[in-house]
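Asker: So that we are looking at the same thing, I have put the structure below in structure tokens.
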Amino acid sequence: MISDLTRRAFMKRAAMATGAGLVMPRALHAGIPSKLQWTAADVGSSGYIEATAIANALIEQHGSRIRVVPSGTSIGRMMQLKQGRVSLGYLANEAYFASEALYDFSTREWGPQDLRALMGREALFGIVTTASSGIKSIADLKGRRVALIQAHPSTNFKVEGVLAFAGLGWDDVEAIEVPGYSAGLQAVLDGSVEAAGAVVGASVLREIEASPNGIGWLPVPADDTEGWSRINANAPLFAPATMTSGPGASAENPVALVGYRYPILSVYAETGMEDVYEMTKAIVEGYDLYKDAAPVMSAYDVNHAAHPPYDTPCHDGARKYFEEIGVWTEQDETWNTNRLARLAKVQEAWAAATEAADDQGLADKDWPAFWDQFRSENL
């Protein structure tokens, strides 16, 4: 989470990468287009601020005109990318959902999208409770009250992934519907639920920490290979991570949580290799110009942001650059190969389901249930 003070200070500089886009008096790099449009979440969000910081660096370094187009919905961001109105998307978990044809992307108008990632900075997620709750492990959540966020599949999907670590699912807890993400954390604070999913950095977490009940995180230890196998069976975008600072954690008392990538710098697979290579190179080489724009920007260090897991496979152009600079590992390649195979399997299943539905004369209104059943049986 970026503080309000940092956000206000940064937004004063954001006009450089919005609206008409200003041209800086520098020579244009041959590999970077002279005019670009990207998309990110709403103005003021972490994703928008991060996209704007990187855009400013490329404007200064290469002279390109870059406009960051905000969109408050996952469908809005994906539609801009799909229709070619933008060349790069700073996406959240809609990248994964779109590639897997889940939630909003399970309609016949969408289906599995052939997306690729350039890179993504690490973000941390966990299930938070109070220190006084008596809940010490994920297994302890069985039968307990857990926040289920209305119309927010991204958070609910992450909670489901963490529950799987202990072999649990939503049916094993008492799911309490709350109207929004922040409301879920507020419900932990006021005691109407006992646990909720949380992105590290949410301001409410400090309130929970300072409350009489204190804060508690449910650990997801990296050395529990069976637990992590259960998580990654349905969520290959998650990896072990450690929180060493923040509410309820310190270098002396770290907390084992779940790592994922947000935002994921995304394009379609059809985007040219050299175009993606040059863009990835420009973003990496501009790091010194944006690393201090906000505290979270240091997470774009290529030694961290270049490594999967991502929500989608890595684009060949980005992988080519990472191989050249020596940061792409055998482990990265194995993950990417497996993720490509998974994506191909989803695409094949979608084609088979579509053919079967057409043969049956299935009505569009019946497609979501049909695809859900087909998916569960074949994927």
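Each value in this text was obtained by applying a stated rule to the coordinates, not by laboratory testing. Remember, it's a predicted structure, so these values are computed and weren't measured experimentally. Here Cβ is always computed from backbone atoms with ideal geometry, including for glycine, and neighbour counts include all displayed protein chains.
Asker: Expressed as a whole number of Å, what is the distance separating the alpha-carbon centroids of region 183-262 and region 289-306?
Answerer: The distance from the Cα centre of region 289-306 to that of region 183-262 comes to 22 Å.
Asker: Given the -39500 (n - 2.57) contribution per DSSP H run of 4+ residues, what per-residue ellipticity at 222 nm results for the chain, rounded to the nearest 500 deg cm²/dmol?
Answerer: My calculation for the chain gives -12000 deg cm²/dmol from helical runs alone.
Asker: Now a separate question. For the chain, give me the percentage of DSSP beta bridges that are antiparallel, rounded to the nearest 5 percent.
Answerer: The answer is about 60 percent antiparallel.
Asker: Evaluate E = 1/(1 + (r/R0)^6) for Leu379 and Glu333, where r is the Cβ-Cβ distance and R0 equals 25 Å; express this FRET efficiency to the nearest 0.05. All intermediate terms of the calculation are to be shown ahead of the outcome.
Answerer: Working: r = 24 Å, r/R0 = 0.94.
Working from the Cβ atoms, E equals 0.60.
Asker: For q values of 0.10, 0.14 Å⁻¹, compute log₁₀ I(q)/I(0) with the Debye formula on a Cα-only model of region 124-259, without solvent.
Answerer: These q points yield log10 I(q)/I(0) values of -0.27, -0.55.
Asker: Give me the percent relative contact order of the chain, please, defined on Cα pairs under 8 angstrom at least 6 residues apart.
Answerer: Across the chain, relative contact order equals 20 percent.
Asker: If packing is taken as the average count of other Cβ atoms within 10 Å, what order do 132-140, 152-160 fall into, highest mean first?
Answerer: On the way: 132-140: 15.0, 152-160: 19.8.
Most protected by this proxy first, the peptides run 152-160, 132-140.
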